[in-house]
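Participant: Take a look at this one; I'll ask things after.
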Amino acid sequence: CKPQPCVVSVEGLSSSTTDVQLKSLLMSVGPIQSLQMLPQQRKAIAKFKEPAHALAFQQKFHRKL
């Protein structure tokens, strides 16, 4: 997945946010390869299959979650 990054970091998650909720939100933009939840840090790292989807997700949800 180069040259543009496919990975997005979602930070400041609520402790009640589930991986299912987040996955459906991510997949509303495009297909994802992986999702890693880090509840202790209140964040998640998602890897999209296409860099355009990662960019679209950042633009759509930046500062909104």
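The values are calculated or read from the model by the stated rules, or taken from the named source; none is laboratory data. All of these numbers come straight from a predicted model, not from anything done at the bench. When we count neighbours, we look across all protein chains shown, and the Cβ atoms used for this are built from the backbone with ideal geometry, even at glycine. SASA here: full protein model, heavy atoms, side chains in, ligands and nucleic acids out. Shrake-Rupley method; radii C 1.70, N 1.55, O 1.52, S 1.80 Å.
Participant: What angle, in degrees between 0 and 90 and rounded to the nearest 10, separates the Cα long axis of helix 51-61 from the longest principal axis of the Cα atoms of the chain?
Facilitator: For helix 51-61, the angle is close to 40 degrees.
Participant: Extending each Cα 7 Å along its Cβ direction at Leu38 and Lys23, get the distance between those two points in nm, one decimal.
Facilitator: 2.0 nm
Participant: Along the principal axes of its C-alpha atoms, what lengths does the chain span, in descending order and rounded to whole Å?
Facilitator: On the principal axes, the chain reaches 32, 20, 17 Å in Cα extent.
Participant: Among Val8, Val20, what's the order by accessible area (1.4 angstrom probe), most exposed first? Don't jump to the answer; show the numbers that get you there.
Facilitator: Numbers: Val8 0, Val20 105 Å².
Most to least solvent-accessible, the answer reads Val20, Val8.
Participant: Hey, what do the phi angles of the stretch 23-38 turn into as Karplus ³J(HN,Hα) couplings, whole Hz, using 6.51/-1.76/1.60 and θ = phi - 60°, x for Gly and Pro?
Facilitator: 4, 5, 5, 4, 6, 5, 9, x, x, 10, 8, 7, 9, 10, 8, 10
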